[in-house]
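Taking it in order: structure first as structure tokens, then the write-up.
The values are calculated or read from the model by the stated rules, or taken from the named source; none is laboratory data. Just so it is clear, the model here is predicted, and its values are computed rather than measured. Neighbour counts run over all protein chains shown; Cβ positions are idealised from the backbone, glycine included. Just so you know, the surface numbers come from the protein's heavy atoms only, side chains and all, with ligands and any DNA or RNA stripped out. Shrake-Rupley method; radii C 1.70, N 1.55, O 1.52, S 1.80 Å.
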Amino acid sequence: LIPFALSSLRKDGLPQLTFSGWTTFLSASVFFTLQTLLFYTALEYTTIGNAVIYGNSQALLLIVAKVFVGERIHVLEGIGVVIAFSGAILCSQDSERSSQEEELNNALFGDLLALCSAAFGVAYLTVAKAVRSEMSVMFFITCVLFFGSIIVLVVLAVNPHEELTFDMDPFHGVFGGFDFEYHRFEVLAYLAIVVNFGGSMGFIRAMQHFDTIVIAVGTLCEPLAASLIAFLCHAGLLPGPLGWLGNFLVVVGTLCVVYPSMGKSDGGMH
């Protein structure tokens with residue numbers, strides 16, 4: 001991303017943000033980092049499908065926030081929240097079955113971590129929207145990931161329970177991503193190119209060409225796709241009957257939430 005960010009910087013110049021604007025941008029980096037850390041920590045306790053379901057519940061959390069601040073919501077939005085929450089409960093119960101088979105304990109704790117990840121995701125989207133229009137997508141994403149990496153390094157350095165070395169050790173080295181013996185480089189390259197560049201950047205770019213409902217339906221495929229990929233890679237199990245029913249209810253509930261805003265424009269995203 002750095003070459004693209006430098007090209008954007010050379011073309012558009014350094015973003016003209018006030019002190020408050022830069023503070024907001026740094027807050028976005030912190031929230032993004034917390035969202036990511038909580039999500040990956042949740043994977044240690046719950047199934048991949050459940051982590052993706054709860055981690056991508058920002059839309060539902062935003063509806064709940066509307067209720068708390070007294071903002072009027074559409075009747076379909078309220079119904080959708082109830083349906084999706086019911087589906088999440090079924091998925092959580094199904095995860096207990098999967099967790100026993102995989103010897104994963106505290107599945108509910110993992111679901112809670114993923115839900116907290118979604119909450120920080122909402123905070124990230126909220127504060128990032130305030131500064132997103134002041135800079136290009138490439139520069140914005142690159143800076144967020146860069147500052148996020150610095151935050152993670154600082155946390156690891158001050159945590160006495162984590163070992164951190166500035167070498168190419170594949171387990172705790174800062175440059176361990178360049179290790180080929182344990183396939184670290186291939187995994188990180190996949191995360192950088194497919195997940196960050198193709199996934200995160202893809203959704204942002206797609207918003208210029210497709211309606212909101214198309215993007216929303218696309219994101220709803222993530223939990224099922226995550227479970228299938230994990231199963232094919234021998235890293236997880238397929239959902240049980242409750243899990244499939246829960247996934248279906250989450251999809252139906254989220255569509256009910258999205259439907260009232262189908263005609264609205266997201267013209268601020270570029």
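Computed over neighbours whose Cβ is under 14 Å from that of F178, the net charge equals -4, Lys and Arg +1, Asp and Glu -1. Across the stretch 54-71, coupling constants 3J(HN,Hα) worked out from phi with the 6.51/-1.76/1.60 Karplus curve, θ = phi - 60°, read 5, x, 10, 9, 4, 4, 5, 5, 5, 5, 4, 4, 4, 5, 5, 8, x, 7 Hz, and Gly and Pro carry x. Taking a ≥ b ≥ c as the square roots of the eigenvalues of the Cα gyration tensor, the stretch 15-54 is classed as prolate, since a/c reaches at least 1.5 and a/b is larger than b/c.
For the pair V252 and F68, a Förster radius of 22 Å applied to the C-beta separation gives a FRET efficiency near 0.35, rounded to the nearest 0.05. The listed residues M138, M168, once ranked by accessible area (1.4 Å probe) with the largest placed first, stand as M168, M138.
Karplus-based coupling profile of the stretch 159-167, in residue order and whole Hz: 7, x, 8, 10, 8, 9, 10, 9, 9, with θ = phi - 60° in 6.51 cos²θ - 1.76 cosθ + 1.60 and x standing for Gly or Pro.
Please give the length that would be gained between F19 and I2 if that part of the chain were fully extended, namely 0.36 nm times their separation in residues minus their C-alpha to C-alpha distance (nm, one decimal). Write down the numbers at each step before the final one.
Working: separation 17, 0.36 × 17 = 6.12 nm, distance 2.40 nm.
Taking F19 through I2 to full extension adds about 3.7 nm, to one decimal.
Shown for the stretch 39-80 is the translational diffusion coefficient from the Stokes-Einstein equation, using the Kirkwood radius over Cα pairs, a temperature of 4 °C and a viscosity of 1.567 mPa s: 110 µm²/s.
Report the net charge of residues surrounding L37, where surrounding means a beta-carbon distance below 15 angstrom and charges are Lys +1, Arg +1, Asp -1, Glu -1. Let's see the in-between values first.
On the way: positive: none; negative: E44, E162.
Counting the neighbours of L37, the net charge comes to -2.
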